[in-house]
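Participant: First the structure, which I've put down as structure tokens, then a few questions once you've had a look.
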């Protein structure tokens, strides 16, 4: 209380400076609360949409551990998960360039034979790619300083000006086979699903492909000659085993001949002639046919019928 001259007593209540310092945090909190309230209610009062009401705005979610209830997500505004990118399907494998080889027939072979004769290499112009034509191709390849394979591939044909229109009689590479690249027999043949049929030595472990004696037999895959026999010392008679890079093995039995250049370890390419059709071994006195087997990873035989059909050029 304080007295002043000529006036009645007046009560003066002043907060101490220490007390004012203690009240500052409380005042700041009150001010912040007021500002927040203004930010919440002012847009609604003015008719403006809240941020969560704006098109495409994310749903409000309470921070984890805040103790506040989570705001419900509006199905109409929820963002749908991005659709997975579809896998890119690889394009189909480009077919191998055409080539003429032992066993091929037709007008393209005649065109090749004429080119050989023009270059002084005597071969018959009969449209049949036999031993004489193969030998002539090797001579030409040596003259052109190319590898003497006896196969008139696309590079050789371009150099001598032969354009292949169709190679119907050459091995056809078709898609669909898991193991085989080409059918193992050229020319006319027949076969059916006789895997598992009863035989004197047990159930049949392959398919028999019937054709005329001497019909060319070709490598069904790229690989190497795993082993072979030119002597009729077993039921298979004259036979070969071809093994591909994955270790799968392919058995040809009852052959008449094996190509003379082949030995165990020789590399072969799909479609290369490896021998001829016969009826050696326990097939003597029956009909010429090839006993053909597929043995994945060198194990037990599987039924080759679906594989043969997948690469059978007659089914194109």
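The values are calculated or read from the model by the stated rules, or taken from the named source; none is laboratory data. Bear in mind that the values here come from a model prediction, so they are computed numbers and not experimental data. Glycine gets a Cβ as well: all are built from the backbone with ideal geometry, and neighbour counts include every protein chain shown.
Participant: Could you list, in sequence order, the residues of the range 224-249 that are without any contact (Cβ under 8 Å) to a residue 12 or more places away in the chain and surrounded by 16 or more Cβ atoms within 10 Å (Cβ to Cβ)?
Facilitator: The one that is without any contact (Cβ under 8 Å) to a residue 12 or more places away in the chain and surrounded by 16 or more Cβ atoms within 10 Å (Cβ to Cβ): 229.
Participant: If residue 269 satisfies every condition in (1) in contact with a strand residue (DSSP E or B) (Cβ under 6 Å, 6 or more places away or on another chain); (2) closer than 22 Å to residue 104 by Cβ but one, which is the exception?
Facilitator: (1)
Participant: If residue 271 satisfies every condition in (1) over 22 Å from residue 188 (Cα atoms); (2) within 29 Å of the chain's Cα centre (by Cα) but one, which is the exception?
Facilitator: (1)
Participant: Something else now. Output the residue which, of all residues in the range 198-223 that are more than 29 Å from the chain's Cα centre (by Cα) and over 25 Å from residue 104 (Cα atoms), is surrounded by the fewest Cβ atoms within 10 Å (Cβ to Cβ).
Facilitator: So, considering only residues that are more than 29 Å from the chain's Cα centre (by Cα) and over 25 Å from residue 104 (Cα atoms), the one surrounded by the fewest Cβ atoms within 10 Å (Cβ to Cβ) is 200.
Participant: Filter the range 250-279 down to the residues that are surrounded by 20 or more Cβ atoms within 10 Å (Cβ to Cβ) and over 17 Å from residue 216 (Cβ atoms) and list them by number.
Facilitator: Once the filter is applied, which keeps residues that are surrounded by 20 or more Cβ atoms within 10 Å (Cβ to Cβ) and over 17 Å from residue 216 (Cβ atoms), the range 250-279 yields only 251.
Participant: Quick one: residue 292 ticks every box in (1) more than 20 Å from residue 179 (Cα to Cα); (2) surrounded by 15 or more Cβ atoms within 10 Å (Cβ to Cβ); (3) touching a strand residue (DSSP E or B) at 6+ places or on another chain (Cβ under 6 Å) bar one, so which box is it?
Facilitator: That leaves (1) as the condition not met.
Participant: Then there's this: If you go through the range 149-163 one residue at a time, do you hit one that is more than 38 Å from the chain's Cα centre (by Cα) and touching a residue at least 12 places away in the same chain (Cβ under 8 Å)?
Facilitator: No, because not a single residue in the range 149-163 is more than 38 Å from the chain's Cα centre (by Cα) and touching a residue at least 12 places away in the same chain (Cβ under 8 Å).
Participant: Same structure again: Among 176, 130, 196, which is the only one that is outside the structural domain of residue 302 (by TED's automatic domain parsing), at pLDDT below 90 and on the phi > 0 side of the Ramachandran plot?
Facilitator: Only one candidate qualifies: 176.
Participant: Collect the residues in the range 195-226 that are part of a loop (DSSP other than H, G, I, E, B) and within 22 Å of residue 276 (Cβ to Cβ), keeping them in residue-number order.
Facilitator: If the condition is that a residue be part of a loop (DSSP other than H, G, I, E, B) and within 22 Å of residue 276 (Cβ to Cβ), then 206, 211, 212, 213, 214, 215, 219, 220, 221, 222 are the ones that fit.
Participant: Continuing with the same structure: Restricting to the range 258-297, name every residue that is in a strand (DSSP E or B) and closer than 24 Å to residue 201 by Cβ.
Facilitator: Those that are in a strand (DSSP E or B) and closer than 24 Å to residue 201 by Cβ: 258, 275, 289, 290, 291, 292, 293, 294, 295.
Participant: Kindly indicate whether residue 300 is under 27 Å from the mean Cα position of the chain (by Cα), surrounded by fewer than 20 Cβ atoms within 10 Å (Cβ to Cβ) and in a loop (DSSP other than H, G, I, E, B).
Facilitator: It is true that residue 300 is under 27 Å from the mean Cα position of the chain (by Cα), surrounded by fewer than 20 Cβ atoms within 10 Å (Cβ to Cβ) and in a loop (DSSP other than H, G, I, E, B).
Participant: What's the number of the condition residue 286 fails, among (1) modelled with pLDDT of 95 or more; (2) surrounded by fewer than 21 Cβ atoms within 10 Å (Cβ to Cβ)?
Facilitator: Of (1) modelled with pLDDT of 95 or more; (2) surrounded by fewer than 21 Cβ atoms within 10 Å (Cβ to Cβ), only one is false for residue 286: (1).
Participant: What tally of residues in the range 96-118 results from selecting those that are surrounded by fewer than 17 Cβ atoms within 10 Å (Cβ to Cβ) and under 16 Å from residue 150 (Cβ atoms)?
Facilitator: Here the count works out to 0.
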